[in-house]
Amino acid sequence: MLVLLFSVILVISWIYLAKNDVELRLFEEQRLALDLKEEFDPYYLQTDVSKLIRIDSLQKLRKTRKRLVEFLWGASALPSLLPKDVYRDHKDSRLEGIENLSRIDLLSVEMGHDFLSKIYHFIPEISNGKVVLYHQGHSGGFILGKKVIAEFIKSGYSVVGFSMPLRGMNSQPDILLERFGWFKFENHVEMSVLLPKSGHALQFFVEPVIQTINYLEQRFNYSLLAMVGLSGGGWTTTVVAAIDPRIKASFSVAGGVPMYLRTRNDNDWGSWEETVPQFYSIANYLELYILGAVGPGRIQWQIFNLFDPCCYSGYKSKTFGNVVSSLVKKFGEGKFNLYIDDTHYEHEVSKHVVKRIEEELLTMTQVSLQ
């Protein structure tokens, strides 16, 4: 009897779970069906994208960039600090077997409120003299991007791996907040209660990259500095490229869309750092794209996965692609490209996109050598 009862319970459980799985799949299919229509939800067409963009001259561009830096750090210039420690030839068994890898250097960046960022500098045996900063998203540390990192190293690129605050090997500090007591930081939204001595808590998302660029400039002679990021790392790529023109090529994959495309879809609202109104009132996403693309020899790609199960799927991004691209062209220097990857069904930087990025970087190199 007990065996029979157990079998009945097991069958009922299977049926229940299968039913939930089917319902979830149907929901996702319906959501994608709406997003994938070339004629997507007409609600998004109510916004005149061109009227949201106020940067129409190099003077306004420089002024806006300066205001962003002042908001982040309370200073008129980017931080000039370097990583506190550099450990040469660091060993990590999780990264064994990467083709063309000579060694890994571990960089340690310390910031206020005990925020610590640990960064890997991958140095290839045979180098092409260029470096790609790779930034992972919310799901974990840059180890999750091993396949992408390995592809770039195989092609001769040095790679620097970053994780978002509180993720991967980065610290999750315990902090005594004067007005709130002891606080254990584990999620990004919790960072909204932080009050740095100067600037804004968003600085903790981007300063590790800035300090690392300072270090690379001082210690290495790379001919090209590019940045690639996935999801939250794509968001970081967009912001860093906007405030630091030393990044010549930036590629954000599923890194966020303008605010008007985040409404009517909970999946696309994003995390706390993506929606801080004080920051985006200085430069909205469309203006961040322009800041990251304009300049001598600069280019930015905003890449979205057509069938992304996480966020920013479909064709909605086409509502701003041509507008931003045309405005960047008017500056005479720089290029913006919107690219929709339809080759897979994952929230990832696909092999196809890595190949496209490498093709673009090769083109940039060829142009610079002419």
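The values are calculated or read from the model by the stated rules, or taken from the named source; none is laboratory data. Everything quoted here is computed from the prediction, not taken from an experiment. Quick reminder, even Gly has a Cβ in these numbers, built from the backbone with ideal geometry, and neighbours come from all protein chains shown. Protein only, heavy atoms only, side chains kept; ligands, DNA and RNA dropped before computing areas. Shrake-Rupley method; radii C 1.70, N 1.55, O 1.52, S 1.80 Å.
Given 207, 186, which one is under 26 Å from residue 234 (Cβ atoms) and surrounded by fewer than 20 Cβ atoms within 10 Å (Cβ to Cβ)? Steps first, please.
Numbers: 207 fails: surrounded by fewer than 20 Cβ atoms within 10 Å (Cβ to Cβ).
Going through 207, 186 in turn, just one is under 26 Å from residue 234 (Cβ atoms) and surrounded by fewer than 20 Cβ atoms within 10 Å (Cβ to Cβ): 186.
Answer yes or no: is there a residue in region 303-312 that is open to solvent by 40 Å² or more (accessible area, probe 1.4 Å) and in a strand (DSSP E or B).
Taking every residue of region 303-312 in turn, none turns out to be open to solvent by 40 Å² or more (accessible area, probe 1.4 Å) and in a strand (DSSP E or B).
Can you find a residue in region 87-107 that is touching a Pro at 6+ places or on another chain (Cβ under 6 Å) and open to solvent by less than 10 Å² (accessible area, probe 1.4 Å)?
Yes: one or more hits.
Are any of the residues in region 235-242 in a helix (DSSP H, G or I) and open to solvent by 10 Å² or more (accessible area, probe 1.4 Å)?
Step one: list which residues in region 235-242 are in a helix (DSSP H, G or I), which gives 235-242.
Imposing the further condition that a residue be open to solvent by 10 Å² or more (accessible area, probe 1.4 Å) reduces the set to none.
There is no residue in region 235-242 that is in a helix (DSSP H, G or I) and open to solvent by 10 Å² or more (accessible area, probe 1.4 Å).
Could you check region 143-156 and list, in sequence order, the residues that are part of a loop (DSSP other than H, G, I, E, B) and open to solvent by 50 Å² or more (accessible area, probe 1.4 Å)? Outline the logic, then answer.
We begin by selecting, within region 143-156, every residue part of a loop (DSSP other than H, G, I, E, B); these are 155-156.
Correct list: 155 only.
Assess whether residue 117 counts as being open to solvent by less than 30 Å² (accessible area, probe 1.4 Å), under 23 Å from residue 172 (Cα atoms), in a strand (DSSP E or B) and in contact with a Lys or Arg (Cβ under 6 Å, 6 or more places away or on another chain). Full working, then the answer.
Details: open to solvent by less than 30 Å² (accessible area, probe 1.4 Å): yes; under 23 Å from residue 172 (Cα atoms): yes; in a strand (DSSP E or B): yes; in contact with a Lys or Arg (Cβ under 6 Å, 6 or more places away or on another chain): no.
It is false that residue 117 is open to solvent by less than 30 Å² (accessible area, probe 1.4 Å), under 23 Å from residue 172 (Cα atoms), in a strand (DSSP E or B) and in contact with a Lys or Arg (Cβ under 6 Å, 6 or more places away or on another chain).
Out of everything in region 313-370 that is among the acidic types (Asp, Glu) and surrounded by fewer than 16 Cβ atoms within 10 Å (Cβ to Cβ), what residue ends up being farthest from residue 134 (Cα to Cα)?
333
In region 236-291, what residues are aromatic (Phe, Trp, Tyr) and closer than 20 Å to residue 349 by Cα?
The first filter runs over region 236-291 and keeps only residues aromatic (Phe, Trp, Tyr), leaving 251, 260, 269, 272, 279-280, 285, 289.
Across region 236-291, the qualifying residues are 251, 289.
What number of residues within region 247-291 are open to solvent by 20 Å² or more (accessible area, probe 1.4 Å), of a type outside the set (S, T, N, Q) and farther than 26 Å from residue 335 by Cα?
6
Those residues that are assigned to a helix (DSSP H, G or I), touching a helix residue (DSSP H, G or I) at 6+ places or on another chain (Cβ under 9 Å) and open to solvent by 40 Å² or more (accessible area, probe 1.4 Å), I need them from region 44-65; list them, please. Please lay out each step first, then the result.
Residues of region 44-65 assigned to a helix (DSSP H, G or I): 44-46, 49-52, 58-65.
Now narrow it down to the ones that are touching a helix residue (DSSP H, G or I) at 6+ places or on another chain (Cβ under 9 Å): 44-46, 49-50, 52, 61, 64-65.
If the condition is that a residue be assigned to a helix (DSSP H, G or I), touching a helix residue (DSSP H, G or I) at 6+ places or on another chain (Cβ under 9 Å) and open to solvent by 40 Å² or more (accessible area, probe 1.4 Å), then 45, 46, 50, 52 are the ones that fit.
Considering only region 313-370, state which residues are hydroxyl-bearing (Ser, Thr, Tyr), in a helix (DSSP H, G or I) and modelled with pLDDT of 95 or more.
Within region 313-370, the subset hydroxyl-bearing (Ser, Thr, Tyr) is 313, 315, 317, 319, 325-326, 339, 343, 345, 350, 363, 365, 368.
Filter once more, so that each one left must be in a helix (DSSP H, G or I): 319, 325-326, 363, 365, 368.
Answer for region 313-370, where residues must be hydroxyl-bearing (Ser, Thr, Tyr), in a helix (DSSP H, G or I) and modelled with pLDDT of 95 or more: 319, 325, 326.
Go through (1) farther than 21 Å from residue 217 by Cα; (2) assigned to a helix (DSSP H, G or I) and name the single condition residue 140 misses.
Just one mismatch for residue 140, condition (2).
Tally up the residues in region 244-299 that are under 29 Å from residue 358 (Cα atoms) and among the basic types (Lys, Arg), please.
Count: 3.
Give region 157-183 a look and list any residue that's aliphatic (A, V, I, L, M) and either open to solvent by 10 Å² or more (accessible area, probe 1.4 Å) or part of a strand (DSSP E or B) (or both), or say none.
159, 160, 169, 175, 176, 177
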